[in-house]
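Below is one structure, written out as structure tokens, with a few remarks after it.
The values are calculated or read from the model by the stated rules, or taken from the named source; none is laboratory data. Nothing here was measured: the structure is a model prediction, and the numbers come from that model. For neighbour counting, all protein chains shown are included, and Cβ atoms are generated from backbone atoms with ideal geometry for every residue, glycine included.
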Amino acid sequence: MSNSLTLPPDLAAKVQAHIDSGAATDPIEVVRAGLDALEAAEAAKLDAVRAKLARAMNDPRPSAPADDVFSRVEALINAAAKK
């Protein structure tokens, strides 16, 4: 992998703004912070999905019949397609 990257002017300006503000000392630090933020956001999304799954798996209500679920999903998809 190459160790250099040419940024479009708008992104280069944002990187420089972070350096000028003292938030970062060099472009590598800006990229590292951006990647860290991206990874944190992805981890948060995954945690949210896992929490929803855990709630669903621990739901004491009886399961819905698969045919009913698929019919509801199909109706939602058809309604969304008409918009």
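Worth pointing out:
- Residue match in the stretch 6-22 (condition: at pLDDT below 95 and exposed (fewer than 10 other Cβ atoms within 10 Å of the Cβ)): yes
- Taken as a whole, the condition of being aliphatic (A, V, I, L, M) and in contact with a Pro (Cβ under 7 Å, 6 or more places away or on another chain) does not apply to V31.
- Residue in the stretch 60-71 that is surrounded by 10 or more Cβ atoms within 10 Å (Cβ to Cβ) and in contact with a Ser or Thr (Cβ under 8 Å, 6 or more places away or on another chain) present: no
- With respect to (1) modelled with pLDDT of 95 or more; (2) small (G, A, S); (3) under 26 Å from the mean Cα position of the chain (by Cα), the lone exception for A81 is condition (1).
- Test result for A33, over 26 Å from the mean Cα position of the chain (by Cα), surrounded by 10 or more Cβ atoms within 10 Å (Cβ to Cβ) and modelled with pLDDT of 95 or more: no
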